[in-house]
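Novice: Sharing a structure here in structure tokens format.
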């Protein structure tokens with residue numbers, strides 16, 4: 001068994017040297033999901049409404065993404081966009097703020113990213129610096145598909161989210177990130193804004209958010225165009241979050257006003273980070 005593992009690791013190292021010696025491209029297909037356990041104020045929502053919110057939240061984070069990559073650049077996009085939420089019988093709609101559904105371009109060599117997002121009918125182009133994590137590479141390994149993967153962990157600071165009140169707290173908390181990367185594909189990249197390991201990340205657990213790679217295509221016949229998006233109002237990440245927070249507050253006030261007037265419907269605005 002030990003000899004088998006050594007042989008596999010040697011093959012992995014050979015693959016790394018081969019890939020490092022040539023320019024190559026590839027596509028990694030990911031499935032995402034997020035765990036939710038939300039209890040809303042019973043005076044504002046009944047059991048049926050709470051169940052509907054849970055279902056909408058689950059669907060918003062069960063998506064398929066494609067990471068198109070080369071040595072230092074990548075594009076991360078939704079493979080199939082979900083239809084926009086439509087009002088239920090009670091007239092409820094949930095607007096998601098900051099959910100990753102746009103086009104994310106990463107340049108891991110220069111630690112920068114460009115994220116094209118459309119929120120509240122407006123197009124934004126978020127340009128900012130990538131924040132590297134202090135990865136700790138362990139000794140634990142496992143196979144994901146045909147690739148030998150190594151476990152790595154990191155700690156990042158995130159805004160605490162009150163799931164009962166659906167509010168972002170001012171105080172930040174530590175959050176553990178666990179990644180499984182393969183040195184057989186020598187690109188320092190991964191899903192969403194994650195990067196920095198000596199191999200492609202095939203599986204990642206970030207708090208309640210999970211990413212799993214289901215398919216990899218290396219050196220496709222058709223060349224992949226990996227260029228940064230250009231359409232939208234240019235803002236930094238902090239500026240974008242400030243705009244979204246303001247919009248979310250306005251929509252919440254509209255919902256509260258409608259509820260006071262006896263409107264049975266509602267329009268929830270939920271801000272998701274991390």
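Novice: Within segment 218-232, which residues are in contact (Cβ under 8 Å) with a residue 24 or more places away in the chain and more than 14 Å from residue 75 (Cβ to Cβ)?
Specialist: Scanning segment 218-232 gives 218, 219, 231, 232.
Novice: Here is a further query. Return the residues of segment 178-236 that are buried (at least 22 other Cβ atoms within 10 Å of the Cβ) and more than 27 Å from residue 117 (Cα to Cα); say none if nothing qualifies.
Specialist: Within segment 178-236, 180, 181, 182, 184, 185, 199 qualify.
Novice: Can you tell me which residue among 158, 177, 187 is modelled with pLDDT of 95 or more and not in a loop (DSSP other than H, G, I, E, B)?
Specialist: 177
Novice: Only one of (1) closer than 22 Å to residue 73 by Cα; (2) at pLDDT 95 or above fails for residue 132. Which number is that?
Specialist: Just one mismatch for residue 132, condition (2).
Novice: Specify which of the listed residues (121, 102) is at pLDDT below 95 and under 15 Å from residue 228 (Cα atoms).
Specialist: Just a single option satisfies the conditions, and that option is 102.
Novice: Right, something else. Suppose the filter is touching a strand residue (DSSP E or B) at 6+ places or on another chain (Cβ under 6 Å), modelled with pLDDT under 95 and assigned to a strand (DSSP E or B); does residue 215 pass it?
Specialist: When the stated conditions are applied, residue 215 does not pass them.
The values are calculated or read from the model by the stated rules, or taken from the named source; none is laboratory data. Everything numeric in this text was worked out from a predicted model, so none of it was measured. As a convention, Cβ positions derive from the backbone with ideal geometry for all residues, glycine included, and neighbour counts pool all protein chains shown.
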